[in-house]
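A.B. asks: Dropping a structure here in structure tokens format, bear with me for questions.
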């Protein structure tokens, strides 16, 4: 789509694109059967006209054909004039603050909007209306991105959001957790699927009605409540029914074979070097010596399909994700990043942080798994089906390894008991003559690089070239990343874990390794994080949040022995107390000054006592006396000739006296 407004085809170019003569194209222009533009030209002292055919005025089929041709020519020109292509890393570090899905969404929408603005400006300058330009752009856009349902309304909404709120508005921030309650019941959908997968190709509406009738017949009427819409049934069918199954049951076996199932022979004319790598493991049919014991070792390899060149390999005692990473890194450092990788369904390829789970059953919390290394490298990773011919290419290479390399060693074992040499039983007693693992790995390196990759091949599409020659000839685009960024993208990752007070943990070969820093514990205690690490350098790790935004680097927490010296223990305790000092100095560093809390409360209490003294004004005051006191007082009054006191009268006299004082 880039530069689509400027694409005008000459008569010769359009004739070549359409597969007709130049005279025929000129006649189409003169009869106004195709859209064209006329330009005047002077040549040899004569004036004349020439036709230019705008790409946007061609049928969709011809536009697709031209775009494919343009892409191939562009890649050939870049290869011819740029022996050392400029590094174009599949991932840019300045986008690390966004998640992987957000980065991809933002880049695509920005490109669509920028191209749209440029196209409208150019078409308006040429005299076309904006409505016509918009209609042409949407049509071209749908051809360029057939997987994206687009409309002019969608483009305008994006443009308005970006102008008002910036690029951040283009990122869809709505939840994509997929945990919304579902109205679809499994029993209902199973019945729908039963009727839907039929060569009569029943409509979805009829399949739903048949499912309802079956439920009524079997007495399961409670399942008929709140059935989802027809569109929901179709969406479930699209999401859950594999394409091959859908083709087989609705369109027949031939349609399934033609469109979905793998086939044996493939054309290599449309492939280039680094387009597709295929990977697998091979067991060497010979014994080597490791720690004094005879063992059979493995080869993990990556093969470029177009050139049959072995681009990356590693000799290992056991196939593992680490061995896969060593072989992949070797290939990428020398030859660049492939566009696609095919592998089998082995665990060494389908780990959660390397290639994902593939066809394996995903755990319940698989949505919390980190972004895979393949995704960070921009590699389209696929696992091959059983008996898929795409995976057989490297298996044929491994057959060459067996026939032309393994049989060179005396301790060759054969692939089965029928192939086992009779001498092996005797030679197994002479282990001293076996190659040690380190020497054997050197033999493998030399044989693959100096013999296999330089051996002429008559395989389909090779035409007698060596793998090295074919790789160099068909290398059109080489995707490379700077070493620093490549190291980051090749880091392995743990699953999501929470930061504990002793840091984060890495389980490495049945051993727990801890990584901790003051900043990690101080700022992210209890937060879920991903831990990325380099298996060759465990001195430190990189910490990312659950949206895969980079947070910090954290060093390994070195453990000390119970027999450590007093000085070592003191140094370790000093490290542990650093965070304690940071915590204790929190308020002091903020520089906040305030009155002591006790002083504040006591001051308020004293102020309340001064401003609001307690005053009581009861209607009746009753004097309560002890019976003994009352009896003694009466006895004393009678003894001196006094009268008995009436206390109610006394109270009245006292109150009257108080009122007079208040009146004064």
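Please treat every number below as a calculation from the coordinates, not as lab data. Every value quoted in this text rests on a predicted model; they were computed, and no experiment measured them. Because the Cβ atoms are built from the backbone with ideal geometry, glycine has one as well, and the counts that use them run over all protein chains shown.
A.B. asks: Which FRET efficiency value, to the nearest 0.05, do you get for residue 460 and residue 608 by plugging their Cβ-Cβ distance into 1/(1 + (r/R0)^6) with R0 = 60 Å?
C.D. replies: 0.05
A.B. asks: If I take all pairs of Cα atoms in region 165-315, what percentage of them are more than 25 Å from each other?
C.D. replies: 63 percent
A.B. asks: Over region 368-464, one equal point on each Cα, no solvent: what is log10 I(q)/I(0) by the Debye formula at q = 0.14, 0.15, 0.16 Å⁻¹?
C.D. replies: Rounded to two decimals, the profile gives -0.84, -0.91, -0.97.
A.B. asks: How would you rank 422, 73, 485, going from fewest to most other Cβ atoms within 10 Å of each one's own Cβ?
C.D. replies: In order of increasing Cβ crowding within 10 Å: 422, 73, 485.
A.B. asks: Quick one: grab Rg to one decimal and Dmax as a whole number for region 93-170, Cα atoms only, in Å.
C.D. replies: 13.8, 43
A.B. asks: Still on this structure, I have one more. Quick one: the Cα spread of region 491-555 along its three principal axes, in angstroms, biggest first?
C.D. replies: Principal-axis extents of the Cα atoms in region 491-555, largest first: 28, 22, 16 Å.
A.B. asks: In nanometres, what is the gap between the two model label sites at residue 519 and residue 655, each 7 Å from Cα along Cα-to-Cβ?
C.D. replies: 7.9 nm
A.B. asks: Given a Förster distance of 35 Å, report the FRET efficiency between residue 201 and residue 225 from their Cβ-Cβ distance, rounded to the nearest 0.05.
C.D. replies: Calculated value: 0.75.
A.B. asks: Listing 29, 20 from the residue with the fewest other Cβ atoms within 10 Å to the one with the most, what is the order?
C.D. replies: 20, 29
A.B. asks: Right, another one. If each of residue 473 and residue 26 carries a label point 7 Å out from its Cα toward its Cβ, how far apart are those two points in nm?
C.D. replies: Modelled inter-label distance: 3.9 nm.
A.B. asks: Just to verify a number: FRET efficiency for residue 235 and residue 443, C-beta to C-beta distance, R0 = 35 Å, to 0.05?
C.D. replies: 0.05
A.B. asks: Okay, moving on. Find how much the distance from residue 186 to residue 142 grows on full extension, using 0.36 nm per residue of separation minus their present alpha carbon separation; answer in nm with one decimal.
C.D. replies: Gain in length upon complete extension: 12.3 nm.
A.B. asks: Once you have the alpha carbon radius of gyration of region 186-259, what is it after dividing by 2.2 N^0.38 Å, with N set to its residue count?
C.D. replies: Compactness ratio reported: 1.16.
A.B. asks: Then there's this: Under the 0.36 nm per residue contour assumption, what length would be gained going from the current alpha-carbon distance of residue 621 and residue 594 to full extension?
C.D. replies: So the extension gain works out to 4.9 nm.
A.B. asks: Got a sec? How would 102, 519 order by Cβ neighbour count within 10 Å, fewest to most?
C.D. replies: 519, 102
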